[in-house]
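Here is the structure we will look at, set down as structure tokens.
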Amino acid sequence: MATAALITTALAIASPLATTFLANDNTACWTDDARAKMLLASCASHPPAGEWSKAFHAYGEGEAFRYTGYRAEALSAIRDAYGQRALDAYHAHGEAAYPQFDAWCRSISVNDAIDAAAADVYAVKMEG
């Protein structure tokens, strides 16, 4: 077991897009990444294309919408990188790092982050 301090990411949870959950102070939400903020702002003003596809779940199947294109893929890559760091920390530090991994598992999805960013822009436009 490693004895170094458990600090694997630099940002604290502060994103208005983050879902509500308890997390330790050294857990970052992927939406706080500067690249993600710029991409989400771009997606909010000009939503990316999307597609409907079959979705298979443990409870059945249905159709699911997902955003496509380079901005959605870049956001997915950023989210996945945060998840990989959280998983690596969990493997390196054991149970001490589980809250960080759990926080990432509960973090907002790319589709929901784009929708939330667009909703914020629309709300500002509606206020005048």
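Values computed for the structure shown
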{"quantity": "From the options Phe56, Phe101, residue that is over 16 Å from Ala36 (Cα atoms), of a type in the set (Phe, Trp, Tyr) and either surrounded by 13 or more Cβ atoms within 10 Å (Cβ to Cβ) or within 17 Å of the chain's Cα centre (by Cα) (or both)", "calculated": "Phe101"}
{"quantity": "In the range 92-108, the residues that are small (Gly, Ala, Ser) and in a loop (DSSP other than H, G, I, E, B)", "calculated": "Ser107"}
{"quantity": "Residue check for Arg35: at pLDDT below 95 and of a type in the set (Lys, Arg)", "calculated": "no"}
{"quantity": "Out of Ala14, Ala49, Ala74, sole residue that is under 26 Å from Tyr122 (Cα atoms), at pLDDT 85 or above and surrounded by fewer than 14 Cβ atoms within 10 Å (Cβ to Cβ)", "calculated": "Ala49"}
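The values are calculated or read from the model by the stated rules, or taken from the named source; none is laboratory data. Treat the numbers as computed from the prediction; the structure is a model and nothing was measured. Glycine gets a Cβ as well: all are built from the backbone with ideal geometry, and neighbour counts include every protein chain shown.
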